[in-house]
Amino acid sequence: MIDNPCEWGSAALLIFSENVGKLIYYTHVLPLVISLFLGFQVLISNPKELANRVLFVTTVLFATWVYFNLILWASPTPEMVVFFWSLIVPVELLMYLSAVYLVYLFSNRQVDMPTWMKVCFSLLLVPILLFAHTSLNVIGLSPDCDTGAFEGIVIQYMYFVEVFLLFIVVLFIIKGLSRIEKKTERRQLLFIGISTFIFLAFFTAGNFTLFFDLGPYYEQYKLFGMPLFAGLVSYSIIKYRAFHTKTLFTEILISALWILMFSMLLFRDMSYARPIIFITVIIFGFLGIILSRVMRRELEQKAEIERLAVGLEKANERLQILDKQKSEFVSIASHQLRSPLTAIRGYVSMMTEGSFGKLPDKANEALGRIAESTVFMASSIDDFLEVSRIESGNMKYDYKDMNFKEQAEHVVDDLRADAVRRGLLLMFRSDMTGTGMVHADAGKTQQILHNLINNALKYTPKGSVTVYAHDDVKTKKMYVDIIDTGLGLSPESLQKLFGKFARAKVASSANIMGTGLGLFVAREMARAMGGDITVTSDGEGLGSTFTITLPLI
């Protein structure tokens, strides 16, 4: 049992006591509030980020240390002093280790510390955990009730470890800078590494005022290293994670300014006020510079965005005019091309049928190629016209009730001869639970079916094409799958296949002609009728499946 020469009063919540001077509360509460506020803000900005969690843990450990230290100042009994001395020492070393862990993360580009290294750092805690509750930690209490306790070898060991960890921080910074090439990551490491070193150096320097018996009041100023550390690290993490830096630091500055200015009223003795004013100037000078830089940068960016917005608005107006002119031109040009093309197709048909007499075989062969080219050209013109109508909003739909399953079967029958000519098997299957009735444009749905089945035949060199009709009464959807064993599609092609003028790589390699508009037109039509078109493929050479979806009546 340790004698208590001090007649102290009781302490509310273990920390509020007449035994504690106002300066002690000032040096403890202000850093605690600022650091916890910063740590919490960074945590909620991205709770999944390991670095954010480590910073928050560091601030919590610091807050715990501050609370325990206030208890040591205010506690009225020797038993309380000895008990909390046995707690505060491991908490302090854990805070150091957490700060070192943070520097390691940024020196290794957010890669977690290996297990063996964590074990090695944890071993530094073992002597303290084993002997913190013994006389090796606290030899005895001071007789004047101000200098706290006489420190034992465990605390001196902790001072040695803290100096060692300072050198580890410097080592991590140097290694990280030699390893990291990106300028932004190097800046962030410097920011966090230097701020951590300052924080730990502040704390270590404060501890050595006790080691050299300079008096307990000098030790209190070491706590102001934490707000500087938390502010720098928070700024760095937030800056490089696109969080609202200006808002955060404005809140911090206003809160800290209020606390600091209000705390001035508590001190009548200028010997206390001068260091407080000095610390206030340092904190606000530092945070003010950061905030002014951030705000100036954001104002410059805002002005640039406004300038670009004006330019984009004008450019958008010009693009709308050009787009309208383009659509009108495509529509007019397509109509103008159709008339001569119709004449060409008519005369070619008459010549091949013998209306102008019998022609040589070579002439018939040439006319056949001309006929094929006119068919392709007519199809391309139709695609251009459809795109023009879709984009201008002039596409008309004649809705009526129809049997989508029967329509798909009829289209298959129409195209079976073409499949046989290509040496392919074209099949129709169905698995219907309902009637297959949909409310849509019969001509448009027939066009979509022709487009997709024709594509399947073109892109299937050998094998089969299966058209499978089925429905889902629960979701009120009707499906028609066009399944081929053809060239298949790569993942890259799947992503852009339904865009305008988009064609799969296999189309070019197989020398298959097309405008790249058919699928775009087909899907837009399906969507306009309340349905959709989707595609799946296991890869190139493995076939593909196009699915038309329409809502059932």
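Laboratory data are not the source of any read-out in this text; all were calculated from the coordinates shown. Note that the coordinates shown come from a computational prediction; the quantities given were computed from them, not determined experimentally. In this analysis, Cβ positions are derived from the backbone assuming ideal geometry, glycine residues included, and neighbour counts consider all displayed protein chains.
Compared with the alpha-carbon gap, the fully stretched path from T534 to M117 is longer by 145.0 nm at 0.36 nm per residue.
Here segment 399-551 is described by how far its Cα atoms reach on the three principal axes: 41, 31, 25 Å, from widest to narrowest. Computed from the C-beta positions of F167 and D472 and an R0 of 51 Å, the FRET efficiency is 0.15 to the nearest 0.05.
How much of the pair distance distribution for segment 43-133 lies past 23 Å, counting alpha-carbon pairs only, in percent? Spell out each step's value before the answer.
On the way: 1421 of 4095 pairs.
Counting pairs separated by more than 23 Å, the tail of P(r) holds 35 percent.
One decimal place: the segment T342-K500 gains 54.3 nm when fully extended, by the rule 0.36 nm per residue minus the C-alpha distance.
Size check on segment 49-204: the Cα extents along the three principal axes, sorted descending, read 57, 27, 23 Å. Set the bar at 22 Å for Cα to Cα. Now go through K405/K474; K396/K476; K324/K444; K396/K500; K396/K496 and name every pair that lies beyond it. In this structure, K396/K476; K324/K444; K396/K496 lie more than 22 Å apart at Cα. With R₀ set to 41 Å, the beta-carbon distance separating Y397 from L542 gives a calculated FRET efficiency near 0.70. Take the Cα of A205, step 7 Å toward its Cβ, do the same at E49, and the gap between the two points is 2.9 nm. Highest-first packing order for the peptide set 415-426, 526-537 is 526-537, 415-426, based on the mean count of other beta carbon atoms within 10 Å. Take the Cα of I282, step 7 Å toward its Cβ, do the same at R527, and the gap between the two points is 6.1 nm.
Working out 0.36 nm times the residue gap between F16 and Q446, then minus their Cα-Cα distance, what length gain in nm do you get to one decimal? Spell out each step's value before the answer.
Numbers: separation 430, 0.36 × 430 = 154.80 nm, distance 8.46 nm.
Length gained, F16 through Q446: 146.3 nm.
Distance between the pseudo-spin-label points of T435 and Y159 (7 Å out from Cα toward the beta carbon): 9.5 nm.
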